[in-house]
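Derivation of every value follows stated rules applied to the coordinates shown; laboratory data play no part. Note that the structure is predicted; figures quoted are calculated from it, not measured. Because the Cβ atoms are built from the backbone with ideal geometry, glycine has one as well, and the counts that use them run over all protein chains shown.
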């Protein structure tokens, strides 16, 4: 399982998402044994410290929930938790995850906590007139 975010994927997203557009990241997480606490304490704590150190404002969790089960979907997929995090822009997200500080201080916690994951970038749909 590849646990890194590819620069090429972020390049493709940057071509699709206008620079000043907020982005919501949908995180689907499957934890290793004991990984839930590592993720929500150590990883999230390190991530918040990085935001503060980089002076990035406007990052906030929108939704955090436990997966109770599937109403529809592949039976072989199993996720433990879902998070939606709002970023002021894709550039802000990218600055965080591509920083050396993230790689040194947060990424090791995520790698030890998460067995599998998906990260899906979303933008708000325009409202119908």
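Quick look at the numbers
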{"quantity": "Residues located in region 11-24, provided they are surrounded by fewer than 17 Cβ atoms within 10 Å (Cβ to Cβ) and touching a helix residue (DSSP H, G or I) at 6+ places or on another chain (Cβ under 8 Å)", "calculated": "13, 14, 19, 21"}
{"quantity": "Selection status of residue 75, assigned to a loop (DSSP other than H, G, I, E, B) and more than 18 Å from residue 32 (Cβ to Cβ)", "calculated": "yes"}
{"quantity": "Identity of the residue in region 25-39, assigned to a helix (DSSP H, G or I) and buried (at least 17 other Cβ atoms within 10 Å of the Cβ), that ends up nearest to the chain's Cα centre (by Cα)", "calculated": "39"}
{"quantity": "Residue in region 49-56 that is in contact (Cβ under 8 Å) with a residue 40 or more places away in the chain and touching a strand residue (DSSP E or B) at 6+ places or on another chain (Cβ under 8 Å) present", "calculated": "no"}
{"quantity": "Search result, residues across region 83-101 that are surrounded by 14 or more Cβ atoms within 10 Å (Cβ to Cβ) and farther than 23 Å from residue 17 by Cα", "calculated": "101"}
{"quantity": "Of all residues making up region 66-82, the number that are exposed (fewer than 10 other Cβ atoms within 10 Å of the Cβ) and under 10 Å from residue 30 (Cα atoms)", "calculated": "0"}
